[in-house]
Amino acid sequence: MVAVAENGVIGRDNALPWRLKTDLQRFRRLTLGRPMIMGRRNFVSIGRALPGRETIVLTRDPAFAAEGVHVAHDWKEAVRLGADLAAHLEVNEVAVVGGAEIYRLALACAHSLHLTRVHARPDGDIFFPDYDASAFHETWREAHPAGPDDAHPFTFIDLERVAIRP
Ligand SMILES: NC(=O)c1ccc[n+]([C@@H]2O[C@H](COP(=O)([O-])OP(=O)(O)OC[C@H]3O[C@@H](n4cnc5c(N)ncnc54)[C@H](OP(=O)(O)O)[C@@H]3O)[C@@H](O)[C@H]2O)c1
């Protein structure tokens, strides 16, 4: 799940480079009741465990701990923990919610992408990684003008991995 500007920017100064309330509402809807995997920098940026979701923080720091989160020290461990938590919650998805380092790990195996294309070209220092777009096909899109609490117009786009034929 990611919000990406036209120029690929997703972050600036370890924060989001925009305010998009409608996108945060979609993020909440899509993640509630599910496990989420996030990078340690993203977690620090958010500042707390979001309620109603099981948060898995990926870090190489063996001493890292934070209230209300699970910790994983490599990608495989994060996915395994996500699958265990998903089974416990009786859902069939684990959400990967960034930042860029974690998207890079997930794009090789993600089943679907929930993309918010932000129609702006903000300054930034963190970019969505390149990925093989031909591996995914679009299943849904919905364009939105900027609402009263949205800095920019945006389009929600859902993509799914193209089935691999034997
Ligand atoms: N636009 C969006 O939708 C969106 C979504 C999420 C985040 N963001 C933005 O993205 C930025 C943060 O992204 P980022 O790329 O700087 O950081 P990040 O991906 O959130 O976190 C990076 C950290 O994750 C840990 N890590 C990475 N790979 C690992 C591995 N293989 N094994 C174990 N730990 C690993 C390391 O933590 P340690 O250093 O602790 O070892 C690393 O420093 C912020 O600006 C945030 O606002 C944007």
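No value in this document is a laboratory result; all are computed from the given coordinates. Since the model is a prediction, treat every value here as computed from it, not as a measurement. Cβ coordinates were reconstructed from backbone atoms using ideal geometry, including for glycine residues, and neighbour counts include every protein chain displayed.
Only Lys, Arg, Asp and Glu count, each charged at its Cβ (+1, +1, -1, -1), so figure out the dipole size of segment 5-151 about its Cα centre, rounded to 20 debye.
Numbers: 18 positive and 20 negative charges, 49 e Å.
Charge dipole of segment 5-151: 240 debye, to the nearest 20.
Can you tell me the FRET efficiency between Leu32 and His73 if r is taken as the Cβ-Cβ distance and R0 is 25 Å, rounded to the nearest 0.05?
0.40
Could you work out how far the C-alpha centroid of segment 66-101 sits from that of segment 118-157, in angstrom?
24
Starting at the first residue of segment 122-139, write each ³J(HN,Hα) from the Karplus equation 6.51 cos²θ - 1.76 cosθ + 1.60 with θ = phi - 60°, in whole Hz, x for Gly and Pro.
Whole-Hz 3J(HN,Hα) from phi for segment 122-139: x, 5, x, 10, 10, 10, 5, x, 5, 8, 7, 5, 5, 7, 10, 10, 6, 10.
Normalised by the empirical 2.2 N^0.38 Å for globular proteins, what value does the Cα Rg of the chain take? Let's see the in-between values first.
Details: Rg = 15.6 Å, N = 166, 2.2 N^0.38 = 15.3 Å.
Its radius of gyration relative to the 2.2 N^0.38 Å reference: 1.02.
How far apart, in nm, are two points set 7 Å out from the Cα along the Cα-to-Cβ line at Glu160 and at Arg19?
Rounded to a tenth, the inter-label distance reads 3.7 nm.
Quick check: pseudo-label points 7 Å beyond the Cα along Cα→Cβ at Ala63 and Asn92, how many nm apart are they?
Placing both labels 7 Å beyond Cα along the Cβ direction yields 4.4 nm.
Collect residues whose amide H, placed 1.01 Å from N in the peptide plane, falls under 5 Å from the amide H of Ile37; neighbours closer than 5 in sequence don't count.
Ile56, Ala95, Val96, Val97
Please report the antiparallel percentage of DSSP beta bridges with both residues in segment 35-166, rounded to the nearest 5. Could the numbers behind the result be given before it?
On the way: 15 of 26 bridges.
Antiparallel bridges make up about 60 percent of those DSSP assigns within segment 35-166.
If r is the Cβ-Cβ distance from Arg104 to His137 and R0 is 25 Å, what FRET efficiency results, to the nearest 0.05? Please report the intermediate quantities before stating the final value.
Working: r = 21 Å, r/R0 = 0.85.
The formula returns an efficiency of 0.70 here.
What FRET efficiency do you get for Val44 and Asp84 if R0 is 25 Å and r is their Cβ-Cβ distance, rounded to the nearest 0.05?
Values: r = 25 Å, r/R0 = 0.99.
In this case the efficiency is close to 0.50.
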